[in-house]
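Novice: Just dropping this structure here.
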Amino acid sequence: MIYTIAILLSLIGYFVIGHLAGRRVKGLDDYLVAGRNAPTFFILGTLVASYLSTSAFLGETGFAYQGYPFVMLIFAAVSTSGCLLGALVFGRYLRRSGARTVPEFFGKRFASRRVQMIAGLTTIIGLGAYLLGVMQGAGIMFSELTGMPYWVGLVLVWATYTGFILYSGSPGVMLTDTIMFVIFSLAALGGSLYVIQDLGGWSGVVEGLLTQTDKPGIALWHGVLEGPEASFSSPGEALTWGLTLGLVWAAVLAASPWQSSRYLMARNEHVVMRSAMLTAVALAIFYALMMMTGAAINLYDAGLDPERSMIWVALNVLPTWLGVVILTGVFAAGLSSCSTFLSIIGFSLSNDILAASKDDASAMRKSRLAVLGAGLVALLLALFQPPAVMSVVWFAATLFASSWGPVALMSIWSRRITAAGAGWGLAVGFAGNVAISLMIQAEWLSLPVYLHPVLLSTLMALVAIVLASRVTRVTQAEQAYRAFLHTFDAEAVAGWVTGTRLIAFCTMLSGVAIGVFLWRQYAVTLDGLAAQFSVAAGAVQGGYVLAIGCGCMLLMAGAVGFWVARPGQQKASTARMTVSHSR
């Protein structure tokens with residue numbers, strides 16, 4: 001009963017908070033991009049909340065429970081690098097554009113309504129699938145916790161986030177995202193620490209996982225390699241999977257609409273860089289704790305449904321008050337993603353697909369109707385489509401790595417890409433990914449682990465961009481807009497450099513701290529137990545390499561941010577760009 005009350009109160013609370021945020025909405029810019037005045041903490045909150053959803057808490061933690069906690073750490077170490085990469089090579093230029101949506105940015109950059117519409121369509125279709133997955137995750141949680149029917153949970157969740165988006169738009173999404181970020185961060189931290197300490201700390205968990213025989217190898221960096229349920233057949237295959245999917249998700253974090261669109265709300269470019277570095281730190285800590293927790297649940301019960309393992313722990317292991325916190329936190333993660341995705345879909349539908357409105361009032365009315373219509377379609381699909389949370393979310397998210405990734409990067413850094421190249425790149429990358437994934441699903445095609453559909457479809461998109469750009473010319477308008485994007489207004493952010501460099505330094509320290517922690521708590525512990533449990537020398541060495549690698553990724557990210565934010569760097573970049581164009 002207490003879980004039902006907590007969930008219902010959280011729904012009411014988010015609705016009220018979102019509604020109160022709507023009082024600040026005075027015009028279309030307020031509604032779509034929160035007045036472009038959001039501080040670092042709010043951008044951090046909405047970035048993390050947009051990325052982490054029920055898929056992370058249920059699906060990815062469930063994959064760790066299934067036998068692969070440290071493979072997921074490899075994945076996380078690589079993928080989180082996309083936060084800063086996206087901010088530096090795309091996000092800060094996106095912020096300079098003054099666009100209201102990312103598809104609108106593509107339309108401005110290539111002076112093409114057609115490109116904007118193609119980007120808008122891919123946004124609606126791809127995020128529609130993603131929204132479906134996280135809605136189903138929230139519905140499953142509601143049903144598990146309250147005992148009410150699945151459809152009741154879906155309807156209540158939908159009514160809550162749709163209600164405050166209709167009224168408050170981006171300010172409501174950003175504020176509720178940040179509150180949800182705080183709640184589920186505390187939930188992840190509290191739940192993980194309790195479970196790990198209850199089982200004897202990191203060393204106790206590692207020893208317990210080596211002792212159990214249900215999932216042999218779960219304590220090693222490569223995870224389970226034996227048995228009918230094994231996802232990988234060799235350490236090399238596990239490593240390839242972690243690195244490949246990590247790179248794919250790095251591209252997702254760098255260019256996907258639900259991540260990059262958050263930068264449009266930032267106060268300035270330094271807020272973009274600061275929030276990106278802090279997001280990388282937050283995600284690194286989250287994965288280090290939650291993946292180990294997922295594996296540790298096996299020491300309580302090794303026969304659970306993986307995607308429901310965290311719910312089981314909250315209901316059966318944690319103290320009631322902590323169980324309430326972690327379950328409302330997980331629920332908040334799903335709700336925050338739902339609100340973000342629906343808002344982006346609705347905004348893109350009204351701003352990028354439908355005809356432009358003459359004034360702000362009619363544009364806001366159109367945006368609200370688009371949000372309502374998109375939300376109703378998503379609700380109907382979620383009600384009648386069987387749930388498959390992690391598979392749907394991962395498929396939908398990776399669509400943007402192959403379609404948006406190449407175009408986003410080249411729109412900033414390539415002088416040769418044309419509007420035709422951008423349009424074909426978006427379309428071919430998206431359609432190619434869908435086609436290859438469906439062929440694999442239908443068992444018409446089988447690919448090795450290192451040849452992910454995203455890699456093939458990205459290559460297809462690049463070929464389409466090159467061929468289409470060769471037979472067309474870059475217009476003067478495209479050249480002028482790219483030059484504008486590379487013009488930095490140093491006066492606008494005077495005094496921000498010191499703070500940004502301090503956050504970059506803290507990011508480097510976080511990388512060192514995480515690396516040292518994993519070295520001492522995991523690698524050294526495993527080394528000490530190796531003789532007793534006949535652990536191969538290669539597995540022990542892999543533990544040390546894992547610790548170094550996870551720490552180095554954040555260390556390098558912070559170092560890059562520190563270098564980019566150095567005094568005079570932006571002025572020098574602008575000067576070089578000016579000289580280049582004067583030639």
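The values are calculated or read from the model by the stated rules, or taken from the named source; none is laboratory data. Everything quoted here is computed from the prediction, not taken from an experiment. Cβ sites come from the backbone with ideal geometry, for glycine too, and all protein chains shown count toward neighbours.
Novice: Let me confirm something: among Ile514, Ile548, which residue is part of a helix (DSSP H, G or I), on the phi < 0 side of the Ramachandran plot and under 23 Å from the mean Cα position of the chain (by Cα)?
Specialist: It is Ile514.
Quick grid of which residues meet (1) at pLDDT 80 or above; (2) buried (at least 21 other Cβ atoms within 10 Å of the Cβ); (3) assigned to a helix (DSSP H, G or I); (4) in contact with a Cys (Cβ under 7 Å, 6 or more places away or on another chain):
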| residue | (1), (2), (3), (4) |
| --- | --- |
| Val16 | yes, no, yes, no |
| Leu20 | yes, no, yes, no |
| Arg23 | no, no, yes, no |
| Tyr31 | yes, yes, yes, no |
| Phe42 | yes, yes, yes, no |
| Val48 | yes, yes, yes, no |
| Ser55 | no, yes, yes, no |
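Novice: Please work out which one of (1) out of contact with any Ser or Thr (no Cβ under 7 Å at 6 or more places or on another chain); (2) over 28 Å from Leu52 (Cα atoms); (3) crowded, with 17+ Cβ neighbours inside 10 Å is the condition Ile417 fails and give its number.
Specialist: (1)
Novice: Having 3 or more residues that are without any contact (Cβ under 8 Å) to a residue 24 or more places away in the chain, in contact with a Lys or Arg (Cβ under 8 Å, 6 or more places away or on another chain) and over 30 Å from Ala547 (Cα atoms) is the bar; report the helices (runs of 4 or more DSSP H) wholly within the stretch 78-129 that clear it.
Specialist: none
Novice: Moving to a separate point now. Which condition number in (1) surrounded by fewer than 24 Cβ atoms within 10 Å (Cβ to Cβ); (2) in contact (Cβ under 8 Å) with a residue 60 or more places away in the chain; (3) of a type outside the set (Phe, Trp, Tyr) is the one that Ile165 fails?
Specialist: (1)
Novice: Select from the stretch 138-157 the residues that are within 26 Å of Ala38 (Cβ to Cβ) and of a type outside the set (Gly, Ala, Ser) and list them in ascending order.
Specialist: If the condition is that a residue be within 26 Å of Ala38 (Cβ to Cβ) and of a type outside the set (Gly, Ala, Ser), then Val157 is the only one that fits.
Novice: OK, next. Within the set of pairs 6+ apart or on separate chains, which have a first residue in the stretch 400-425 that is under 20 Å from Leu85 (Cβ atoms) and free of Cβ contacts under 8 Å to residues at least 12 places away in the same chain, a second that is polar (S, T, N, Q) and assigned to a helix (DSSP H, G or I), and C-beta atoms under 9 Å apart?
Specialist: Note: pairs meeting the criteria are Ser414/Ser469.
Novice: Mind counting the residues in the stretch 238-279 that are outside any helix (DSSP H, G or I), of a type in the set (Gly, Ala, Ser) and more than 11 Å from the chain's Cα centre (by Cα)?
Specialist: Residues meeting the conditions: 1.
Novice: So which residues in the stretch 102-137 are over 15 Å from Ala255 (Cα atoms), over 17 Å from the mean Cα position of the chain (by Cα) and either at pLDDT below 80 or of a type in the set (Asp, Glu) (or both), if there are any at all?
Specialist: Gln136, the sole residue that qualifies.
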